[in-house]
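The structure is given below, and queries will be raised subsequently.
The numbers here are math on the coordinates, done by the rules we state, and not lab data. Note that the coordinates shown come from a computational prediction; the quantities given were computed from them, not determined experimentally. Here the Cβ positions follow ideal geometry from the backbone for every residue, glycine too, while neighbour counts run over all protein chains shown.
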Amino acid sequence: MSVSSDDPQLIERRKADHIRINLEENVQFPRLTTGLERYRFMHRAVPELDLAEIDTSLTFLGKRLQAPLLISSMTGGTSLANPLNMVLAEAAQAHGIAMGLGSQRAAIVHEDLAESFKVRRVAPNILLFANVGAVQLNYGFGVDHYRRAVDMAEADALILHFNALQEAVQPEGDGNFKDLLPKVAHLCRSIGVPVIAKEVGWGFSAEDARRLAEAGVAAIDVAGAGGTSWSEVEYHRAPTAFHARVARAFADWGISTAESIMLVRQAAPNLPIIASGGLRDGIDVAKCIALGAQLCGLAGPFLKAAAQSLEATDELIRELKTQLRITMFVAGAADIPALQRTPLYSA
C-alpha cells in the first residue's frame with residue numbers, strides 16, 4: 001500500500017532530510033550564478049556623508065524594519081526545526097528584521113507538528129510571514145486552511161510558495177499546477193492579510209509576475225537561481241538512481257536572481273519586490289535594492305548560523321547590516337530611498 005504524501009511521519013522525515021542535506025551537502029547551482037556579480041556601484045571617494053548617519057531602516061507591508069533584511073523561509077514541521085526557528089526568531093527580534101517560516105502544510109494537516117512555527121513568544125514584534133504552498137489549492141486546501149497557517153504563527157502576511165520544479169522531481173511530489181491563478185485570486189481577496197508570491201530558487205518570469213499582480217498578490221519574492229538548488233537537494237534524497245538522474249539534470253535550471261528582479265520590476269512596477277536566491281553579503285543586498293527590490297532574503301547562511309548558535313546568528317546579522325551600511329556610504333546613498341535611485345554599472 002502506498003503511503004500518503006500527507007502521512008505525518010513521511011512529512012517529518014522529508015523536512016528532516018531537507019535540513020540535514022542543506023547543512024551537510026553542496027546543494028548550490030554548479031554553474032548558474034545570481035547575476036549580481038555582473039553589477040558594481042560607482043565608488044564615491046568623496047561621498048559627503050557621515051557613516052554614523054547612514055539610515056538602513058524602511059517600512060515594508062506597514063511594519064518598520066531596522067534594515068531591509070529577511071530571514072527567508074526554510075524549515076518547520078519537524079522536531080529538528082524547533083530550536084533553529086527559535087534562534088532565528090530571537091535574532092530577528094533583536095535586530096528588527098523580518099522572518100519567513102518554512103512550509104506549514106504539515107502542521108495544518110497534523111496540529112502536533114505546529115510547535116516549530118510558534119515563534120511569537122520570542123519575537124513579538126517582528127514582521128513575520130506564514131508559508132504554505134500554492135499547489136495545495138489543487139489538493140483540497142481552501143482559504144480556511146491558509147488562514148489557519150496565518151493564525152497558527154500569528155503572522156503579518158502569508159507567503160504562497162510556487163515550487164513547481166521541486167514538486168516535479170520529488171517522487172511523492174504534487175504536480176498539478178493547473179488553473180491555480182483563479183484560486184490564488186480568491187485567496188488574495190478572502191484571507192485578510194497580504195499574500196506574497198514566492199518562488200523557491202528558480203525565479204519568476206515577466207509573464208508570471210504580470211499574472212500574479214493581476215491575481216492580487218501584495219508582493220513578489222523572486223527567489224532566483226544562483227543559491228540553493230532544490231533540485232540538487234532532491235537529488236541527494238532521491239530513493240533510486242533513476243530519480244537522482246532526473247533531479248540532477250535540472251541542477252542549473254532557472255532565472256538568475258538579478259534577472260528576475262528586473263523582469264518582475266518591469267512587468268509589475270507597482271508591486272514590492274523581495275530579492276532572494278544566493279545573496280551572501282551586505283553588498284549583494286545593496287545591489288538588489290538598487291536593482292529594484294525593497295527587501296532582501298537569505299536562507300542558507302542563516303540556517304548554518306542557527307545550527308551553530310544564537311551568537312553566530314547575531315553576528316551574521318551584524319555583519320550584513322554593517323556591510324550594507326558601508327556599501328551605502330561609499331556609493332553615496334544616505335538612506336534606502338537614495339540607494340534605490342543609485343545606478344549600477346556592468347562589471
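In which sequence would Glu319, Glu167 go, from the one with the fewest C-beta neighbours within 10 Å to the one with the most?
Glu319, Glu167
With the chain treated as a Gaussian network of Cα nodes joined by springs under 10 Å, which of Ser190, Ser57, Ser229 yields the largest mean-square fluctuation?
Ser190
A further question on this structure: So if I take the centroid of the Cα atoms in segment 126-203 and the same for segment 79-118, what is the distance between those two points in Å?
17 Å
In nanometres, what is the gap between the two model label sites at Ala347 and Arg20, each 7 Å from Cα along Cα-to-Cβ?
Taking the two extended label points, one gets 3.6 nm.
Separate question: How far, in degrees from 0 to 90, does helix 81-95 lean away from the longest principal axis of the Cα atoms of the chain, to the nearest 10?
With both axes taken from Cα atoms, the answer is about 20 degrees.
For each of Ser309, Ser256, count neighbouring Cβ atoms within 10 Å of the residue's Cβ, then give the residues from fewest to most.
Starting with the residue having the fewest Cβ neighbours, the order is Ser309, Ser256.
Something else about it: Only bridges whose two residues both fall in the chain count here: according to DSSP, what percent of them are antiparallel, nearest 5?
About 20 percent, rounded to the nearest 5.
Hey, what did the chain get for relative contact order, percent, Cα under 8 Å, at least 6 apart?
RCO, the chain: 23 percent.
Of Asn270, Gln323, Met74, which is farthest along the charge dipole of the chain in the positive direction, counting Lys and Arg as +1 and Asp and Glu as -1 at C-beta?
Asn270
A further question on this structure: When the chain is modelled as a GNM with alpha-carbon springs shorter than 10 Å, which of Asp314, Asp221, Asp151 fluctuates the most?
Asp151
Give, rounded to the nearest 20 debye, the magnitude of the charge dipole that the chain has about its Cα centre when Lys and Arg contribute +1 at Cβ and Asp and Glu contribute -1 at Cβ.
The calculation lands at about 480 debye.
Another question, if that's okay. How would you classify segment 19-106 from its alpha-carbon gyration tensor, with a ≥ b ≥ c the square roots of the eigenvalues: rounded for a/c under 1.5, else prolate if a/b is greater than b/c, otherwise oblate?
Oblate.
To test your reading of the geometry: what angle, between 0 and 90 degrees and rounded to tens, separates the Cα axis of helix 310-331 from the longest principal axis of the chain?
40 degrees
Compare Asp156, Asp144, Asp252 in a GNM of the chain, Cα atoms joined below 10 Å, and give the one with the largest fluctuation.
Asp144
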